Amino acid sequence: MTDKPNDISSTPSGDPWLLTPGPLTTSLSVKQAMLHDYGSRDATFIDLNARILERLVDIVHGQGTHVSVPLQGSGTFVVEAMIGNFVPADGKLLVLINGAYGKRIAKICDYYQRDYLVQESAEDVPVDTDQLDATLDANPDIGHVVVVHCETTSGILNPIAEVAQIVARHGRSLLIDSMSAFGALPLDAREIEFDAVVASSNKCLEGAPGMGFCVARETALERTEGNSPSLVLDLYDQWRAMQKNRQWRFTPPTHVLLAFDQALSEYEAEGGVAGRGGRYRANCDLLVDGMRAMGFKTLLPDELQAPIIITFHMPTNPEFDFDAFYDGLKDRGYVIYPGKLTVADSFRMGCIGRLGAEQIEGALDAVAQLLSQFGIDKIK
Ligand SMILES: *Cc1c(COP(=O)(O)O)cnc(C)c1O
C-alpha cells in the first residue's frame, strides 16, 4: 500500500471519513491516479483496461470460465444491465428479497416487463434456502434466480453458497448482486456456481465511483445476444465490441479507470480477499464492540452480520436527537448513514473503504463525546 489506512493524509482535502455504504473514502494515491487525461484510443489506456478486466476475473477465480465486462454508471446501472441481458423477454426470474436492493431488482423487472416471482423475508432474516428449494420445485418456468450477496440495507450476509448449490441442483441460472461484498467476502467461481455477478469500482475495491462491471460465465454471456432492452446497458454488445478493438463502445470514464487500476494494485498488495476482508472484519469487530460497550444494540446477531455495514437500533432516550448526532459526528470528521429499514428505527455505520482501527476508534470517541453532550449515560 502506498499510504496506510491509518494515515490521516488519505483525506488531504480535509474531507470527513465516510462510514457509509458508498461512495467511500479512497486512498490519496487512488485520488492522485486521476490527475491525467487519456484519450480513449491511447495504447497505455487500452492496456490498462485489459489489465483491469483480467484482475476482476482473477478475484473470483474465474480464469478460463468467466469474462468481465465493464459499464459506465453507478452500481444500479450494471444490476439493471445484468437483469436485462441474462433474463430473456420470455424468461422468468426469481428475486430473493430481504432489503432495498432486492426490491430494486423487482422494480427493474417491472420497468423491463420481465416476468418474475418474489421470495421475500424480513430485512433481519437471511434468504430462506428451504423455501428456495420448494419454489424452484414448484416453478419449472423459473430460469434464473437473483440474490443480493450482502444486503446493504441491514448489512446481512445471505447464504450465497447454499443458494448457489440449490440453484445449480435445479439446473437454473444464478445471478448475484455482490455490489457491497465483491473483493471483501469470498466468492470463488470454482466452488460457487453462478452465471453473472455484478459489482462496482467503489465499495470494497476502493476505487472512485462511476463504473460497474459484470463477471459472467462466458458460455452464458454468449447466449444473451439480443436480450438487452437497452442499448447503453447491453453487456453482450459491450463485450463483443471490446473483443474486437479493446475499446469501450461509448466515452469511457477514463479517470475512474485510472483510479480503479491503482485501487486494484493496492487491493492486491493488501492481500486480496483475505487482506481486504480481514481489515474490514477487524473494523467491524472494533466498531461493534465499542458501540455495544456504550449500550448500543445491533439489529443483527453476529453470525448474520457481514463486515460491511452495521445497523444499530435507534436509542429511545428522549435526549438522543439523531439529527444532532449525525451533524455532531460529521463535525468531528465522521459521516454515518441513516437507516432505511422497515423492521426497526435505526442508523448505520459502515466499516468499508479506506478506514482502519484509528478511524474506527476516532468515530467511537466522537460517539462517546456526543452522548456525554446529550447527557446520556445509558443508552435505552
Ligand atoms: C451500493 C449497492 C448497489 C448499487 O447502488 P448505486 O447507488 O447504484 O451504486 C446495488 N446493490 C447493493 C447490494 C449495493 O450495496
How many residues does the range 164-205 contain that are assigned to a helix (DSSP H, G or I) and away from the ligand (no atom under 14 Å from the Cβ)?
-> 6
Residue, nearest to the ligand (Cβ to nearest atom), within the range 132-163, restricted to residues that are closer than 28 Å to residue 21 by Cβ and open to solvent by 50 Å² or more (accessible area, probe 1.4 Å) = 157
Considering 177, 195, which residue is open to solvent by less than 40 Å² (accessible area, probe 1.4 Å) and within 19 Å of residue 223 (Cα to Cα)?
-> 195
Show the residue pairs that are 6+ apart or on different chains and have beta-carbon atoms under 8 Å apart, the first residue being within the range 325-353 and closer than 16 Å to residue 371 by Cβ, the second being among the basic types (Lys, Arg) and not in a loop (DSSP other than H, G, I, E, B).
-> 336/348
Listed by range, strands (runs of 3 or more DSSP E) wholly within the range 55-130 having at least 2 residues that are within 16 Å of the ligand (Cβ to nearest atom) are 66-72, 92-97
Out of (1) open to solvent by less than 50 Å² (accessible area, probe 1.4 Å); (2) within 20 Å of residue 308 (Cβ to Cβ), the odd one out for residue 256 is which?
-> (2)
Going through the range 213-248 in order, the residues found to be of a type in the set (A, V, I, L, M), touching a Leu at 6+ places or on another chain (Cβ under 9 Å) and over 15 Å from residue 46 (Cα atoms) are 215, 216, 221, 232, 233, 235
Among (1) open to solvent by 20 Å² or more (accessible area, probe 1.4 Å); (2) farther than 23 Å from residue 156 by Cβ; (3) part of a helix (DSSP H, G or I), residue 371 falls short only on (1)
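The values are calculated or read from the model by the stated rules, or taken from the named source; none is laboratory data. Note that the structure is a prediction, hence the values are computed from the model and not measured. Because the Cβ atoms are built from the backbone with ideal geometry, glycine has one as well, and the counts that use them run over all protein chains shown. For accessibility, only protein heavy atoms count, side chains too; no ligands or nucleic acids. Shrake-Rupley method; radii C 1.70, N 1.55, O 1.52, S 1.80 Å.
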